[in-house]
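Working notes, structure below.
The values are calculated or read from the model by the stated rules, or taken from the named source; none is laboratory data. Quantities reported herein were computed from a predicted structural model and do not represent experimental measurements. Heads up, the Cβs are rebuilt from the backbone with ideal geometry, glycines too, and the neighbour counts pull from every protein chain shown.
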Amino acid sequence: MWLSGHSNPDYRTINYFRGKRLKDQIQKLFAEVVRLLHDLNYLSLDVQYINGTKIESAANRYTFVWKGAVEKNKAKLETKIEAVLHEIASQIKQDQSALSKDETPKPIDSGELRTRLAALNENVKDIDKPTWKNIKKLEEDYLVRLEKYENQLEILGERNSYSKTDEDAVFMRLKDDHMQNGQFKPAYNTQISTDNQFITHYSIHQTAGDTTTLEEHLSGFEQQYGKQSKEVIADAGYGSEENYEMMEQKQIDAYVKYNYFHKEQKRAQKQNPFLVQNLYYNESENYFVCPMGQKLTHTGQGERKSRNGFISQVDYYEAKRCEGCPLRGMCHKSTGNKKIEINHKLNEYRAKAREMLTSERGLFHRSKRPIEVEAVFGQLKSNNKFSRFTLRKMDKVNIEFGLMSIGHNLRKLAKKAS
Ligand code: SF4
């Protein structure tokens, strides 16, 4: 109002500007504000404190479509369609050619069903009542439902769920009540990078876990500013083999925790001689030694595939004879000999991460992380009450979050400048 000389744009104008004019511009606008802050020396763009939070979609809560349910219902429907087609075929003996010459039943799609129905309507003369009823059932009920399931699977793509009133939203467990009880709600996973409590980058994702979002998030940062930050600080949710490898390739100093980082620092863990990480490993001859001095020899290799297709190499080791060992009760619960599975590459990355996180710089970043990205989420969600989007669909949610981030940065600038 101050900028426009107190002329009051009505809500439609604001909505039009927000939804249409800002489309494809919001990221650029956001990056310009960040560059301005960089030029004013408020931030460096050399470091990213990264974390994510799930923000509820504007969609209605009970509008879920689950991939498992759709696939199950579709399979049941296909069986029914096959049965009805078979019945029709036996009813119209003289016109079986109009159906299918292929005797082996196979899943039928809506296109194929349409073709078969068209052939039936065209070729079969003097249809009797039961056959006519079956054709109508196929046309008016089964075909419609089959098309609906196909459409739902197309919308789902790689996702496991979506909401009928915001097809881009995914059902995620949100811990948003005071007891931190989880509830499945349609939501988006928003990832942010902060530097000196300013948001320097954001990205919106359709997966509940943070692990798989990191590469896209970091690539977005690089595209936006034409360079990658030197350091990345993130919690254990990002500490996967593929993420460590990707950051190594991008020459980023990764202060990224992994599962059990805190647990393994505890004395009880460090002193437990039966834990895999505490067994002696002879690298040159590739065997482990158990607390009884027995060798766990290499028995083979295998592969593990992550959710987004990353393949990890694992090695298997087995003790020769655990029978009669007095330490067995403390060592393992399996009926045979002790078997372990090792991902050597991941262990190397973890060792490097441990070194980074316990270095002087690592301790500095670890102490700063809660007042960086966590504090920014606190301001957005608690202070500004931004816990639910008001717009629907990915492009609009992106605009809304971009505006929130610009608002946050300008508020922070005003505070720091005063
Ligand atoms: S149970 Fe087997 S692996 Fe465990 S300490 Fe005894 S001999 Fe070694």
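Just one of Phe401, Phe377, Phe386 is of a type in the set (A, V, I, L, M, F, W, C), in contact (Cβ under 8 Å) with a residue 40 or more places away in the chain and outside any helix (DSSP H, G or I); which is it?
Among Phe401, Phe377, Phe386, only Phe386 is of a type in the set (A, V, I, L, M, F, W, C), in contact (Cβ under 8 Å) with a residue 40 or more places away in the chain and outside any helix (DSSP H, G or I).
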Within the range 351-366, count every residue that is in a loop (DSSP other than H, G, I, E, B) and small (Gly, Ala, Ser).
1
Which condition from (1) in a loop (DSSP other than H, G, I, E, B); (2) of a type in the set (Val, Ile, Thr); (3) crowded, with 23+ Cβ neighbours inside 10 Å is the one that Thr200 breaks?
(1)
If we keep just the residues of the range 292-321 that are within 41 Å of the chain's Cα centre (by Cα) and among the hydrophobic types (A, V, I, L, M, F, W, C), which is modelled with the lowest pLDDT?
Phe310
Identify all residues within the range 295-350 that are within 14 Å of the ligand (Cβ to nearest atom), of a type in the set (A, V, I, L, M, F, W, C) and part of a strand (DSSP E or B); write none if there are none.
Leu296, Ala319, Ile340
Can you tell me which condition Leu275 does not meet? The list is (1) within 16 Å of the ligand (Cβ to nearest atom); (2) within 29 Å of the chain's Cα centre (by Cα), and all the others hold.
(2)
